[in-house]
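Only one structure is covered here, and it is reproduced in the block below.
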Amino acid sequence: MKSANNVAIVILAAGMSARMENVNKLLLESGGKPMIRHVAEMALAGRTANVTVVTGHESELIEKALRGLQISFNNNPNFSQGMSTSLQAGLAGLDDNLAGAVILLGDMPDVPVEVVNALINRFEETGCRKICVPVSGGNRGNPVLLPRWLFSKLRSLKGDKGARQVIASHGDEVIEVQINSSAVHRDIDTPADIDAVWRAQAQET
């Protein structure tokens, strides 16, 4: 059963899909739904206080694809400068009373809700202070859960970088959460990735 907590989900959906041959990958459909809607609906099913989607490139189309869902939007006018700006925009828009945020990538449509819930559960067990990352097959993946104290340290990021380097510099504060799903390693960057992701999802379900 879903219960209230003080962790938000931030979905990064502002990118230009540069390697997708002039197609916005987040709007590609599977099962009659755009990729970004699969991600948002999963996020809403999790144990989260709220869900925010960071938009930028083709923001109106992204918002249209998510119409009717109980989410908020935070537009990043600097999206062309890389992922770091979207991460910063998403975190800056969160309420001060939140203890942390799950950073969910819009191009990872087959991450199961159990992954998000496992991260939140472990975060709460550690007093809402630790960085929680999923591990599958011995390798770290996404999404990650960042505590509030780390938000200010992410302001120095520039370009197309996520939180990885900041997390690496705070290794003592990282909790690895074992996940039984390789979906935490699968994102979509090129046309060839699309079928591979959906095939892998079908094999795991």
Query raised in the report: Is there any pair linking a residue in the stretch 24-53 that is of a type in the set (D, E) to one that is surrounded by 21 or more Cβ atoms within 10 Å (Cβ to Cβ), with Cβ under 6 Å and at least six apart or on different chains, and which?
Result: none
Report summary line: Picking from V111, V184, the residue that is in a loop (DSSP other than H, G, I, E, B), in contact (Cβ under 8 Å) with a residue 60 or more places away in the chain, in contact with a helix residue (DSSP H, G or I) (Cβ under 7 Å, 6 or more places away or on another chain) and among the β-branched types (V, I, T) would be V111
Query raised in the report: Within the group G68, G56, G138, G82, which residue is farther than 21 Å from A45 by Cβ, free of Cβ contacts under 8 Å to residues at least 12 places away in the same chain and of a type in the set (G, A, S)?
Result: G138
Query raised in the report: Regarding D160, is this residue part of a helix (DSSP H, G or I) and either modelled with pLDDT under 90 or touching a strand residue (DSSP E or B) at 6+ places or on another chain (Cβ under 6 Å) (or both)?
Result: no
Report summary line: Those residues of the stretch 38-48 which are modelled with pLDDT of 95 or more and either buried (at least 22 other Cβ atoms within 10 Å of the Cβ) or farther than 16 Å from R67 by Cβ (or both) amount to V39, A40, M42, A43, A45
Query raised in the report: Would you say P112 is closer than 27 Å to D189 by Cα and either surrounded by 14 or more Cβ atoms within 10 Å (Cβ to Cβ) or of a type in the set (S, T, Y) (or both)?
Result: yes
Report task. Determine, yes or no, whether I188 is surrounded by 13 or more Cβ atoms within 10 Å (Cβ to Cβ), over 28 Å from M16 (Cβ atoms) and of a type in the set (V, I, T). Result -> no
Report task. Please indicate, with yes or no, whether at least one residue in the stretch 55-78 is over 18 Å from the mean Cα position of the chain (by Cα), in a helix (DSSP H, G or I) and within 16 Å of G162 (Cβ to Cβ). Result -> no
Query raised in the report: Of all residues in the stretch 115-142, which are assigned to a strand (DSSP E or B) and hydroxyl-bearing (S, T, Y)?
Result: S136
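The values are calculated or read from the model by the stated rules, or taken from the named source; none is laboratory data. Keep in mind that what you see is a predicted model, and the values were worked out from it rather than measured. Note that we place each Cβ from the backbone using ideal geometry, even for glycine, and neighbour counts take in every protein chain shown.
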